[in-house]
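A.B. asks: Before we start, here is the structure in question, set down as structure tokens.
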Amino acid sequence: MKSSSLPRWLLFIVMAVLLGGCSAVPKQADSAHQDDPWEGMNRSVYSFNKSIDNAVLSPLANAYAAITPDFIEQGVENFFNNLADVNHFANHLLQGKPGLAMNDLGRLVINTTIGVGGLFDVAAHFGMYQQEEDFGQTLGYWGVESGPYLVLPFMGPSSVRDGVSLLADYQLDPVGELQPSSHQLPLQSVRVLDTRLQLQDVQQLIIGDEYSFVRDAYLSRREIQIRDGAPLDAPADEEFDDFQ
């Protein structure tokens, strides 16, 4: 393991608390779910994640929003989106989607140069929009099943496949290559606040049992992402990598 890996682990673990939700979790599940055989354990971890979010991340995100001008917030979001295109590019190549990979590469070049290090999403003005992809989607694209639903401590909603895939995604994170490694902590901390700020209003969409809502939303979203938006009954080999 590279010497720069530890800061990435620590910060991404904290960052994924964001996916934990914001309201109280019921003590018992309403019903069994075929994709969630570890529901009892998952609910306990979910509650733990939420308590940390409520006590630490949400207040910090609110303070960050209160003191940061909107144009700076947008610039920070654009900056980290630009870094994420490195991962998107690699995974589109691994999936054999050269068109989308070139879109990612074009975005990186344009936004890093004309966009002043990614602070401005200039590429979007040319119709080159971000197409998210990660290693979990790559494994799913090649037929690897997700396995049981899994709520990771600090990491939030995941699955066995997606949890393991985080290791590969971390290795493609440019922030982890920043030297000296002590400079990674401030940058990752800002990323945590930026991501949490983007999720501040998510709880307003939740209805019914929050745990079940988040679980079902996560599993549905992952299925849609892996199939590139194709309906579930579409042929598995049908191409869906045209630009939206």
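Only the coordinates and a few stated rules stand behind these numbers; no lab work does. Here the structure is a predicted model, which means the values were calculated and not measured. Here the Cβ positions follow ideal geometry from the backbone for every residue, glycine too, while neighbour counts run over all protein chains shown.
A.B. asks: Which number in (1) in contact with a Gly (Cβ under 6 Å, 6 or more places away or on another chain); (2) crowded, with 21+ Cβ neighbours inside 10 Å; (3) among the aliphatic types (A, V, I, L, M) marks the one condition that A123 misses?
C.D. replies: (1) is the only condition that A123 fails.
A.B. asks: Take the conditions among the aliphatic types (A, V, I, L, M), surrounded by 13 or more Cβ atoms within 10 Å (Cβ to Cβ) and without any contact (Cβ under 8 Å) to a residue 60 or more places away in the chain and apply them to V76. Does it pass?
C.D. replies: Details: among the aliphatic types (A, V, I, L, M): yes; surrounded by 13 or more Cβ atoms within 10 Å (Cβ to Cβ): yes; without any contact (Cβ under 8 Å) to a residue 60 or more places away in the chain: no.
So V76 fails the test.
A.B. asks: State whether one or more residues within the range 147-159 are β-branched (V, I, T), closer than 22 Å to N91 by Cβ and not in a loop (DSSP other than H, G, I, E, B).
C.D. replies: Residues of the range 147-159 β-branched (V, I, T): 151.
Add one more test, that the residue is closer than 22 Å to N91 by Cβ, and what stays is none.
Checked the range 147-159: no residue is β-branched (V, I, T), closer than 22 Å to N91 by Cβ and not in a loop (DSSP other than H, G, I, E, B).
A.B. asks: From the set of residues in the range 165-186 that are among the hydrophobic types (A, V, I, L, M, F, W, C) and surrounded by fewer than 16 Cβ atoms within 10 Å (Cβ to Cβ), which is nearest to F213 (Cα to Cα)? Don't jump to the end; show me each part of the working.
C.D. replies: As a first pass, look at the range 165-186 and keep what is among the hydrophobic types (A, V, I, L, M, F, W, C): 166-168, 172, 175, 178, 185.
When the remaining residues are screened for being surrounded by fewer than 16 Cβ atoms within 10 Å (Cβ to Cβ), the result is 167, 185.
On the way: L167: 27, L185: 33 Å.
Ranking the qualifying residues of the range 165-186, first place goes to L167.
A.B. asks: Let me ask something else about it. Of G115, G99, which residue is surrounded by fewer than 16 Cβ atoms within 10 Å (Cβ to Cβ), more than 19 Å from the chain's Cα centre (by Cα) and not acidic (D, E)? Spell out the reasoning first.
C.D. replies: Working: G115 fails: surrounded by fewer than 16 Cβ atoms within 10 Å (Cβ to Cβ).
Matching residue, one of G115, G99: G99.
A.B. asks: In the set F135, F89, which member is aromatic (F, W, Y) and touching a residue at least 40 places away in the same chain (Cβ under 8 Å)? Break it down into steps so the answer makes sense when it comes.
C.D. replies: Working: F89 fails: touching a residue at least 40 places away in the same chain (Cβ under 8 Å).
Selected residue: F135, the only one of F135, F89 that is aromatic (F, W, Y) and touching a residue at least 40 places away in the same chain (Cβ under 8 Å).
A.B. asks: Among the residues of the range 204-215, how many are surrounded by 14 or more Cβ atoms within 10 Å (Cβ to Cβ) and either small (G, A, S) or touching a residue at least 24 places away in the same chain (Cβ under 8 Å) (or both)?
C.D. replies: Let us first name the residues in the range 204-215 that are surrounded by 14 or more Cβ atoms within 10 Å (Cβ to Cβ), namely 206, 209-215.
Checking which are either small (G, A, S) or touching a residue at least 24 places away in the same chain (Cβ under 8 Å) (or both) leaves us with 206, 209-212, 214-215.
Residues that pass the stated criteria total 7.
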